[in-house]
1. Which whole-Hz couplings ³J(HN,Hα) result when phi for each residue of region 21-37 is put into the Karplus expression 6.51 cos²θ - 1.76 cosθ + 1.60, θ = phi - 60°, listed in order with x for Gly and Pro?
2. Just need the relative contact order of the chain here, percent rounded to a whole number, with Cα pairs under 8 Å and 6+ apart.
3. Please list the non-local residues whose amide H lies under 5 Å from the amide H of Leu42, H modeled 1.01 Å from N, same-chain partners needing a gap of 5 or more.
4. Does anything in region 17-35 have its amide N under 16 Å from the 7 Å Cα→Cβ label point of Ala80, and if so which residues?
5. For the chain, what does the accessible surface come to per residue with a 1.4 Å probe? Please give it in Å².
6. Would you tally the net charge around Leu52, using a Cβ to Cβ cut-off of less than 13 Å, leaving Leu52 out, and scoring K and R as +1, D and E as -1?
7. What length, rounded to one decimal in nm, is gained on full extension from Glu30 through to Glu57, with 0.36 nm per residue of separation minus their alpha-carbon distance?
8. Could you give the nm distance between label points at Asp9 and Arg73, where each point is 7 Å from its Cα heading toward the beta carbon?
Amino acid sequence: MDATLLTADATDARVLKAIRRVLGHPAALEVPMDTELKTLGLDSMRIIDLLLEVETEFGVTFTDDLLMPETFRTPATLRAAVVSLQG
């Protein structure tokens with residue numbers, strides 16, 4: 001298996017783990033990467049919690065240009081932000 005794919009899968013799993021922790025969903029809940037997070041209960045207050053959770057999980061700091069609702073729209077958009085921060 002391609003190492004890039006393994007890395008992407010691991011990143012996806014960690015992003016989803018952070019989302020589940022913040023939103024209080026069980027680990028068994030299947031969350032597709034294109035799920036609109038607002039449908040799972042993400043609101044403006046929980047975005048802050050998710051931001052902090054992801055920063056801690058990945059050891060990154062979100063830059064000002066990523067502090068917008070689009071970054072937190074889906075697990076995939078959040079993963080893209082993390083990948084961009086990991087450089």
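1. Calculated HN-Hα couplings, in order: 4, 5, 8, x, 9, x, 4, 6, 5, 7, 10, x, 5, 9, 5, 5, 5 Hz.
2. Details: 63 pairs, mean separation 31.4, N = 87.
So the answer I get is 36 percent.
3. Distant-sequence amide H within range of Leu42: zero hits.
4. Only 33-35 pass the distance filter.
5. Working: 5180 Å² over 87 residues.
Here the per-residue accessible area is 60 Å².
6. Working: positive: Arg21, Arg46; negative: Asp49, Glu53, Glu55, Glu57.
Here the count lands on -2.
7. On the way: separation 27, 0.36 × 27 = 9.72 nm, distance 2.00 nm.
Gain in length upon complete extension: 7.7 nm.
8. Taking the simple label geometry, Asp9 and Arg73 are separated by 2.8 nm.
The values are calculated or read from the model by the stated rules, or taken from the named source; none is laboratory data. The shown structure was predicted, so the numbers you read here are calculated from the model rather than taken from an experiment. Neighbour counts run over all protein chains shown; Cβ positions are idealised from the backbone, glycine included. Just the protein is used for accessible areas: all its heavy atoms, side chains included, with ligands, DNA and RNA removed. Shrake-Rupley method; radii C 1.70, N 1.55, O 1.52, S 1.80 Å.
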